[in-house]
Each structure stands twice: as C-alpha cells, then as structure tokens.
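Input: a single structure, listed below in structure tokens.
The values are calculated or read from the model by the stated rules, or taken from the named source; none is laboratory data. Because the structure is predicted, anything quoted here is derived from the model rather than measured. With ideal geometry, Cβ positions are generated from the backbone for all residues, glycine too; neighbour counts draw on all protein chains shown.
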Amino acid sequence: MDKLKQLESFTQVALKGSLTAAANLEGVAPAVIGRRIDALEARLGVKLLVRTTRRITLTHEGSAFLEDCQRLLTDLANAEASVSAGGVKASGHLRITAPAGFGRRHVAPLVPRFLGLHPEVSLSLNLSDRVVDIVNEGFDCAVRVGDLPDSSLVSLRLADNRRLCVASPAYLKRRPAPQHPSELSQHDCLTLSSDASQTRGWAFTVDGELTHVRPPSRVDCSDGQVLHDWCLAGLGLAWRSTWEVEGDIAAGRLVSVLDDFAAPPNGIYAVFAQRKHLPLRVRLWIDFLKHTYGDAAYWTSPAPTTPSKET
C-alpha cells in the first residue's frame, strides 16, 4: 500500500475528525481510508487514532505525528510545484493577517523585501489581536503565536517562542533578582490588564510541573508594547515573548531572570486553509517566513534579515 496515501489519509482523518469526511474528500469508500490507517499504525507499531462510534481522537503519538505529516506533505507539494511551475512568476493579491504586536515587529518589516522579490504580487496585511476566521473572511494565510486550537486549518511551525521574565539592569541594581517564582510577590511586576493568554498568570516550570503565578502588579496596561517600554525604563519585571525581547537581551538592555524555571516553548505558526493546489504566491510567502524565522540570528538582529533570493 502506498505510504504517501497512508500519510495523506491519516492527515485528512485527523483534520476532519471522520473517516467518512476524509473518504468523501478523496472520493473513495470509508473502508478504504480505514484500511490505510490500520496499515499505517501496523507499520509504525503505534496507535495514532482512537476510533469510537461517535468520534475520532488523536493519541499523544498521533498528535506529534500529525504535525510532522503536515510539514512533509507541504514540503512535497512545494517541491513538486517548484518543478512544475518552472519559470512561472507569482502574481495576484495576497491577504495575510497577524497579531498586532508581532505583526508590527516581525511581519510588516518583511513585506517590502517579499514584494521586491515578487513584483507581480500585491498584498494586504491585517493586524489584529482577535483570532481572525481566515476562511470566512477571505485571508490566504495567518501568522499565529502560541498554542493553536484544534481546527481543520493546516498549520506549519515556523519557529519556537518562549516567554521570559525580564528586567532592566537598572531595576536589578535596585532590587535583587528573584531566585524562585514565589519571590515575584516581593517585586514590582508589570502585567497586562486584559489579555486572554495571561488570564492564568505567568507560566513557569516548578518541580517538573507547569505552574502559573499571578504576581501582584504595581502598574498594568492593556498594550504589551507599553509594558515592554516600561520594563526598559526600569519600572519593574515583565513576562514577555522571546520574539519581543531577545534583541534587547543580546544588546544588554534587558536581563532574563528565573531562567531555570522557564516554561516549555510554544510556537510561531503559518496557518492556512486546506487546499490541494495552494496558489504560488501563498506558498512563496510561507516559504519566505520559514526561511527568515528559521534563522536563529534573525531574532537577535536589530533589524529583519531576509533571504537574498527564493529557492
């Protein structure tokens, strides 16, 4: 049985949550899809899906394997397209969306370079902190940061993102750095006044367990960039993403503390609708982001560094 078909069928079942839905998409009987999944699990020697009469759920191994399958299938489609497209140039209008803070810092500055590489492409960038429905609102691709909800959308992990507890050298001269998350109560902490991702508090790993701490706040703000500026000014400790502060840490403007208790990273993703033939302009944009964000030096550079050419 074709190994590629097994991977494609597994991916469709995992995304659609149903053998029947995956079978309808391919135009075959559900039993055919079921046999492919059985053969795949037998070949790998692990259970990927738990199937009941009501629903299909991924096992832990299945969740990890799904991300790998999506990446492999996307890379294969891109490889085939790069050959079949030959000298065809990307053209048309590209609609993308990203979170406001991340988009201002790490998406918008890349747009001029991308358009310079592809002069027949036009582009609209939407920056919003709400989760945009890219299918119903007509977007080609979203850049998202953090843990992704289950959906029928395809996600490609572009880079890791961690949260760090940081302070300016000036603040740490006045107040000794905390040695344990429990000591945050003794510090001036800068917190977001309204952010769904921080409703449980700041995340740390304590004794091998993920723990959330809600530090007392001397001042708070609904805008993360303001917290960043206040932290640079020495007003207190802040819990910020690496995409925002790694450059400051490399330059010595900020210092990370409590590194031994850092929570596991989440991700930075390109998210797009499931399409058999993704437009060339969308594939090139995703490859452009993957190439740029995949360079570790990019995150500590004072300005975006982009690839010299598309390959």
Failed item, numbered, when I268 is tested on (1) assigned to a loop (DSSP other than H, G, I, E, B); (2) in contact with an Asp or Glu (Cβ under 8 Å, 6 or more places away or on another chain)
(1)
Go over the candidates R281, R240 one by one and state the one that is modelled with pLDDT of 85 or more and in the same structural domain as L115 (by TED's automatic domain parsing).
R281
I37: buried (at least 16 other Cβ atoms within 10 Å of the Cβ), modelled with pLDDT of 90 or more and not assigned by TED's automatic domain parsing to the domain that holds W243, yes or no?
yes
Could you run through the stretch 140-154 and say how many residues are out of contact with any Pro (no Cβ under 8 Å at 6 or more places or on another chain) and modelled with pLDDT of 90 or more?
2
Being surrounded by fewer than 14 Cβ atoms within 10 Å (Cβ to Cβ) and more than 24 Å from the chain's Cα centre (by Cα), is that true of even one residue in the stretch 65-81?
yes
Condition set part of a loop (DSSP other than H, G, I, E, B) and β-branched (V, I, T), scope the stretch 23-68, selection nearest to Q12 (Cα to Cα): answer is V28
What do you reckon, is S217 farther than 23 Å from D147 by Cα and either of a type in the set (S, T, N, Q) or without any contact (Cβ under 8 Å) to a residue 24 or more places away in the chain (or both)?
yes
Does any residue of the stretch 233-243 turn out to be touching a Gly at 6+ places or on another chain (Cβ under 7 Å) and small (G, A, S)?
no
Pairs, please: C-beta under 6 Å, at least 6 apart or cross-chain, first residue of a type outside the set (S, T, Y) and in the stretch 52-72, second surrounded by 18 or more Cβ atoms within 10 Å (Cβ to Cβ) and assigned to a helix (DSSP H, G or I)?
L58/A14; L66/A14; C69/L7; C69/T11
Filter the stretch 198-224 for residues that are in contact with a strand residue (DSSP E or B) (Cβ under 7 Å, 6 or more places away or on another chain), of a type in the set (D, E, K, R) and at pLDDT 85 or above and give the result.
D220
